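A short write-up of the structure that comes next.
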């Protein structure tokens, strides 16, 4: 398979391969690692200093935590995960530090307009981009428990890039709790393992509280362990929004697993990957209503798989 | 077989790993670049404060250094030495200031130059600390060291690197043809 793939892709892969050893890239790599090690030393110095200052040591200790959580650990994780986490698709997103993030638990068919229209109809709110202003606002609204229904979501990576769209639904006007889902457009011609072709992949999880990340000690949202509940919630809201939405399920797409996401929260899933078909949305409008036979939510697996995988 | 050419494998090719992010000449200045330039600027300000402090205590310092051979503070050589030190420090700080401006404008070579100097400075301090010659306390030494390390972290980050090399022609070609 490797041989055939290489022949087929020869034209596209070759330029990348021809790029020779770059001194600049090596230098950048060295600085990246050196800065990581130096920051580790800085954290150690701050920690040892914090004991020498009585009550003022608390302030120094706070500085130590800031340096550790927001500079040292992300950098160390970035270096280590580059070495040990393979960068191909394995049904998991990655955090900006390279850690394994929320599981990919939804796939979609349809174009941009259909996705945006259906999410809008299903009462999902586009999340603001992460900027200094929006970050400040989410911190303040979380502390004061004021509603912020366009609160930004942290970037997660799939196909080596951040999500294209992020949507959320705030719960009880409390920014600490929210439904949220991120969407990535698949590269052209990209196939899921197993051969199914989808346009979008999505990762939906429920933020249940604000807490400390286990891996970086940063302040972050903690997610609900049962990611299947959130997945089914997204399907339900989309299905209710437009009758033209059809759902098929790739049964046992990933074997059910227990794991941790990028913030160290446990996750559980049965491993099914529902494929939401939005291609009929908007075109036929509400009148068309698709074929009801296909719209079997979490229905018979074998037929569903054959519908999607009809490539051979 | 011919149909296979329209398909791509469901995994990323290994060569993808070696490739940097796509070059985007219209990329907006990322926060790490701004932070890096601001920290270099802060280092310039700290340097100015240090030079002023040095000038204020110059005569005492000279007297301390030359205990055995008493030196007349009014000797023109003393103030000439001070001016020499101030001028030398001023040129260095001016250079640093220019680097800060160029970094914030998104040039790559000032970023590399600043990182090389920070690397040398950090390594030197570390060597002295490791050998036990230097005690790093919560004062000037730790402040300078922290500044250097923060500058390193900010400027070596991926965002800062991608921004500084957003116009790199060789990389742009690789991205375009990939």
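Computed from the coordinates by the stated procedures, all read-outs in this text should not be read as laboratory data. Keep in mind it's a predicted model, so treat the numbers as computed, not measured. Every residue, glycine as well, gets a Cβ built from its backbone with ideal geometry; the counts of neighbours run over all protein chains shown.
What the table shows:
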read-out	value
Relative contact order for region A:22-146, counting Cα pairs under 8 Å that sit 6 or more residues apart, in percent	13 percent
Prolate/oblate/rounded call for region A:88-219, Cα gyration tensor, a/c under 1.5 rounded	oblate
Within 10 Å of each Cβ in B:139-149, the average number of Cβ atoms from other chains	3
Contour excess over end-to-end distance, with Cα ends at residue A:82 and residue A:172 and 0.36 nm allotted per residue	28.5 nm
Rough spin-label spacing in nm, given labels placed 7 Å along Cα→Cβ, for residue B:167 and residue B:92	3.1 nm
Chain lengthening between residue B:158 and residue B:68 when straightened (0.36 nm per residue, less Cα-Cα)	26.9 nm
Residue B:117-residue A:240 FRET efficiency (beta carbon distance; Förster radius 56 Å; 0.05 resolution)	0.40
Globularity ratio of region B:63-150, using Cα Rg and 2.2 N^0.38 Å	1.46
Region A:204-248: Rg to Rh, with Rh as the Kirkwood radius over Cα pairs	1.19
Order of A:59, A:104, A:72 - criterion: other Cβ atoms within 10 Å of each residue's Cβ, fewest first	A:59, A:104, A:72
Semi-axis lengths, Å, region A:148-297, gyration tensor of Cα atoms, sqrt of 5 times eigenvalues	28, 19, 15
Förster radius 30 Å - calculated FRET efficiency between residue B:52 and residue B:31, Cβ distance, rounded to 0.05	0.45
Gain in span if fully extended, residue A:219 to residue A:61, counting 0.36 nm per residue against the direct Cα distance	55.3 nm
Alpha-carbon centroids, region A:20-50 and region B:83-145: separation in whole Å	15 Å
Computed E for residue A:226/residue A:129 - FRET, C-beta separation, R0 35 angstrom, nearest 0.05	0.75
